[in-house]
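One structure is given here, and the rest of the page talks about it.
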Amino acid sequence: MTDRLSTGNAKLDAILKGGLPKNAINLIVGIPGSGKTILSQQFAFHNATREQPALYLSTLSEPLDKILRYAETLEFFDPGAIRDGRIVYQDVGQILGEHGLGDVIIAIDRYLKEVRPGVVVIDSFRAFHALARDETTFRQFLFEMTRRLTAHSTTSLWNAPYPREQAIKAAEFAVADAIIALDIKQVAERELRVLQVMKLRGGDFLSGEHVYKISAAGVTVFPRLADEHDETRYELAHGRAESGIAALDDLLGQGGYWEGATTLIAGPSGIGKTLMGLHFLYHGAHNGEPGILATFQENVSQLSRIVSSFGWSIDDPLVRVLSRSPVNLNIDEWVYELLDLIESTGSRRVVIDSLADLRAAAGDPVRFREWMFSLIQRCARVGISIMLISEVPDLFQLRRISEEAISHLADNVVLLQYVQEGAELSRALTVLKTRAMPHRPLIHKYEITEHGFELGGVVPLGSEG
């Protein structure tokens, strides 16, 4: 693999398997407003040194003072880097407009000798193409530019406002060693920024579209969660993760779920799914196991009232709440927030409430299934127990447990449902599935009291409603 330079964003480096190729030509394409200039400057500031400065050349896309004015609002912008010569900004737009490509080559030759840069950014390269007399003239210019930058052992970053379809046909595409495409997509009512690596000589990369956002920190990328199947063996946990409901642990056999298992809790509205998740988390906290409630259903104030009514505290230091709105939710950005919180807190239990919100945010059912598979596998390999809450539309005689075959990914499936005994409507629980554990899928009644779940007897045959 060729040597790499960091882009200034760790997750984008992960997509590129180390960063952009060093001493190579890298092309960033995308429609106007997609963040090409911000990513280019982020790269320049991150890699600029006194020994090998970054040379930033603006052309006819935007005036240099405007580029600098907006750059000053970004966190990575360092005025000291400009003062001490680590970053050198030059405008070749006037030379290009008045004298043409030949004089641009002469000017760039001079800058290369005077600055001796390690990084050269050209913003935007498409201006050279637009002002060339013909295609032959532009290709000659492209050859001369490539030859000079290669001879000076610089890492070049060219950006150009091409959409992906047009970039493939551009002459710059052929000479570039790496190509990153930025795009803005409309998904239903949402606007989604996506990044894709179109080309990377001398190395592998994570394929597909990856979501990114632009903020004061610059361009932040979130690699799509789509892990390939890992055949390497790992040590399975031998302990049990008790549910917090003693009678349910007895049904599961010898003390609860396996540690590191994924449990699906399915049932209609109001049946007690969230409460079962809270039992799981607070019982773990009681035994010294940190946990996370990742919810899209209630905010912390609403949860505080629910939690306190059963004798728990929302301020328990071992139970963290990750509450986010399902509006404009991006599952790839959200999952890295969850994974970072798991790592920072050392959490061993995670409850996600609910799957319907994640499914809607994913948009595509195939994308959702591969995302769920990846999350479950990551947690299973390090012994983190997951509980997934799924709402089903049927009150009685459920016809389907989950969408996109999520029940097949789960190690355990617990079904909550209503049963009717004459005029009485009761709640009932059935353990439908437990991997590597014997169980009997009987229907057990339960009540929700001030102590939470209290499991009762078996529902008589013919009383299921």
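So L74 ticks every box in (1) within 24 Å of the chain's Cα centre (by Cα); (2) over 30 Å from G203 (Cα atoms); (3) surrounded by fewer than 17 Cβ atoms within 10 Å (Cβ to Cβ) but one. Which box is left unticked?
Status for L74: all satisfied but (3).
Conditions (1) within 26 Å of V413 (Cα to Cα); (2) surrounded by fewer than 18 Cβ atoms within 10 Å (Cβ to Cβ), marked per residue:
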{"residue": "I306", "(1), (2)": "yes, yes"}
{"residue": "D315", "(1), (2)": "no, yes"}
{"residue": "V327", "(1), (2)": "no, yes"}
{"residue": "D353", "(1), (2)": "yes, no"}
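Please note which helices (runs of 4 or more DSSP H) are completely contained in the range 1-73 and include at least 2 residues that are modelled with pLDDT of 95 or more.
In the range 1-73, 10-15, 36-47 are the helices (runs of 4 or more DSSP H) which contain 2 or more residues that are modelled with pLDDT of 95 or more.
If I go through the range 171-190 residue by residue, how many of them are at pLDDT below 85 and of a type outside the set (K, R)?
So the count comes out to 4.
Could you list, in sequence order, all residues of the range 115-127 that are modelled with pLDDT under 95 and either under 12 Å from E144 (Cβ atoms) or of a type outside the set (F, W, Y) (or both)?
Listed by number, the residues that qualify are D123, S124, R126, A127.
Looking at (1) aliphatic (A, V, I, L, M); (2) touching a helix residue (DSSP H, G or I) at 6+ places or on another chain (Cβ under 6 Å); (3) not in a strand (DSSP E or B), can you tell me which one V211 breaks?
Here V211 meets the rest and fails (3).
Considering only residues that are among the hydrophobic types (A, V, I, L, M, F, W, C) and either at pLDDT below 95 or farther than 23 Å from E289 by Cβ (or both), which ones fall in the range 320-333?
Selection gives V327, L329, I331.
Sort out which residues of the range 78-106 are exposed (fewer than 13 other Cβ atoms within 10 Å of the Cβ) and among the charged types (D, E, K, R), and write them in order of number.
R83, D84, E98
Condition first: more than 20 Å from E62 (Cα to Cα), of a type outside the set (D, E) and not in a loop (DSSP other than H, G, I, E, B). Now tell me which residues in the range 152-175 satisfy that.
Selection gives T155, R164, Q166, A167, A171, F173, A174, V175.
Considering only residues that are farther than 30 Å from A181 by Cα, at pLDDT below 90 and of a type in the set (A, V, I, L, M), which ones fall in the range 216-247?
L236, A237, A246, A247
Looking at D249 and the list (1) over 30 Å from G35 (Cα atoms); (2) without any contact (Cβ under 8 Å) to a residue 40 or more places away in the chain; (3) loosely packed, with under 15 Cβ neighbours inside 10 Å, which single condition is not satisfied?
If we test D249 against (1) over 30 Å from G35 (Cα atoms); (2) without any contact (Cβ under 8 Å) to a residue 40 or more places away in the chain; (3) loosely packed, with under 15 Cβ neighbours inside 10 Å, just (3) comes out false.
The values are calculated or read from the model by the stated rules, or taken from the named source; none is laboratory data. Since the structure is predicted, the reported quantities are computational estimates derived from the model, not experimental observations. As a convention, Cβ positions derive from the backbone with ideal geometry for all residues, glycine included, and neighbour counts pool all protein chains shown.
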